[in-house]
1. If you take the residues in the range 83-113 that are touching a Phe, Trp or Tyr at 6+ places or on another chain (Cβ under 6 Å) and part of a loop (DSSP other than H, G, I, E, B), which one is nearest to Gly153 (Cα to Cα)?
2. Let me spell it out: the conditions are (1) more than 26 Å from Pro128 (Cα to Cα); (2) touching a Pro at 6+ places or on another chain (Cβ under 6 Å), and Gly71 meets all of them except one. Which number is the exception?
3. May I ask you to list the residues in the range 37-58 that are surrounded by 14 or more Cβ atoms within 10 Å (Cβ to Cβ), in contact with a strand residue (DSSP E or B) (Cβ under 8 Å, 6 or more places away or on another chain) and in a loop (DSSP other than H, G, I, E, B)?
4. Within the range 120-130, which residues are in contact with a strand residue (DSSP E or B) (Cβ under 7 Å, 6 or more places away or on another chain) and outside any strand (DSSP E or B)?
5. Let me confirm something: among Ser133, Ser117, which residue is modelled with pLDDT of 95 or more, part of a strand (DSSP E or B) and either within 18 Å of the chain's Cα centre (by Cα) or farther than 14 Å from Gly36 by Cα (or both)?
6. Contact list please: Cβ distance under 6 Å, first residue in the range 217-229 and farther than 25 Å from Gly296 by Cβ, second residue assigned to a loop (DSSP other than H, G, I, E, B) and modelled with pLDDT under 95, pairs at least six apart or on different chains.
7. For a quick check of your reading: which helices (runs of 4 or more DSSP H) sit entirely within the range 164-240 and have at least 3 residues that are modelled with pLDDT of 95 or more and over 27 Å from Pro255 (Cα atoms)?
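The values are calculated or read from the model by the stated rules, or taken from the named source; none is laboratory data. Not measured: the values here are computed from a predicted model. Virtual Cβ from ideal backbone geometry, glycine too; neighbours counted across all protein chains shown.
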Amino acid sequence: MMAGCEKDEESSMLPVQMKSRQERLLGAIHLSTMEGVEIGPLASPIVTRDAGRILYADHASTEVLRRKYVGHGWDTAAIVDVDVDLSSRTLSRALGDRRVDFVLASHVIEHVPDPVSWLGDLREALRPGGIVSLAIPDKRFCFDAKRPESTPGELVDAFLSRRAAPTVKQVFDFWACYCQVDAQAMWSGAIDAERLSCSGTLQNALQKSQEAVKATGYTDVHCWVFTPRSFLEAAVTLAELGMFPFQLADFASTPPGDIEFFVSLRRVESDESESERALRVQSLRAAALEAASAPGPARPTEPPASRPPEPPASRPPELAEATLRLGRPLYHALAQAWPGVRTLRDRLRPWL
């Protein structure tokens, strides 16, 4: 996978800003009693082998990954040994009859062509009550900042199409809208996504799209772009359609200054009643509303508008009226006929 925009009960009660990244991801997971799978750990696993019972899964074998990431900024020797190769099978099929208590996936779901089917397969890999914990890039603070949010309809389209590769549109948008983002500046309002320039060119985006059409396998891009709110709102829609067999176990919106949010999902059993589903949907909807009110980027600061020059002080109304009535010609005529008009002239001098 492409690099992303790169908890016990007690810790889950801590304020978000006090939690570590690992605590946010493991909020609903107990490593001391659970066995799990981490997808796509490369050289930075969330759970090390000495910290818990963990299997590492990835889209290729250890040897292939180490060759693939040479020159990409990774210490390839530190890439963990892959236990489950997902190059030609889903996680549940790769595990066979074995089931686990949790699945961790950091910056993975945005690369998956069909997230609904993918989540459904992760559910099948879980024991009853199992957890899927996701770290997801917040598109507002990463290189997807200029792309529109993915919609529930697009997710449904991918599911019904059983999509196995990104669409041409997704590939084109990824490369056409790719931009460099300073997350801190975005949070503070020092910059605005609308004013960011794209790092690539339209011609390059077209070329990448043409290559994707000819490719026989997967093309690695961000297929999906989410904010905390848009992800949860999509989950609400999918749950109402019976396409999201999870309840929300834990959620942490993007912390100020950060680029990712965290969602933990608990497996829902197939014998769920209609009333239970309604409560689950209601819980997801409440979380979406909470995410909408969570801290977000400050409004971009506008340069102060230049003030027009102050108009000259207005004339006293009575003098202005006298000036208009008399005028210079009338004044000179009166001065010759009536010397006393000079007093009036002295009063009017500043305005004549």
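1. Val112
2. Against the list (1) more than 26 Å from Pro128 (Cα to Cα); (2) touching a Pro at 6+ places or on another chain (Cβ under 6 Å), Gly71 comes up short only on (2).
3. Within the range 37-58, Gly40, Pro41, Leu42, Pro45, Ile46, Val47, Gly52 meet the criteria.
4. From the range 120-130, those in contact with a strand residue (DSSP E or B) (Cβ under 7 Å, 6 or more places away or on another chain) are 122-123, 125-130; that's our starting set.
Listed by number, the residues that qualify are Leu122, Arg123, Ala125.
5. Among Ser133, Ser117, only Ser133 is modelled with pLDDT of 95 or more, part of a strand (DSSP E or B) and either within 18 Å of the chain's Cα centre (by Cα) or farther than 14 Å from Gly36 by Cα (or both).
6. Close Cβ pairs (under 6 Å, with a partner that is assigned to a loop (DSSP other than H, G, I, E, B) and modelled with pLDDT under 95) amount to Asp220/Met2.
7. In the range 164-240, the matching helices (runs of 4 or more DSSP H) lie at 168-177, 202-214.
Residues checked against (1) over 29 Å from Glu38 (Cβ atoms); (2) of a type in the set (Gly, Ala, Ser); (3) surrounded by fewer than 22 Cβ atoms within 10 Å (Cβ to Cβ):
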residue	(1), (2), (3)
Ala125	no, yes, no
Arg147	no, no, yes
Arg162	no, no, yes
Val168	yes, no, yes
Gln210	yes, no, yes
Thr219	no, no, yes
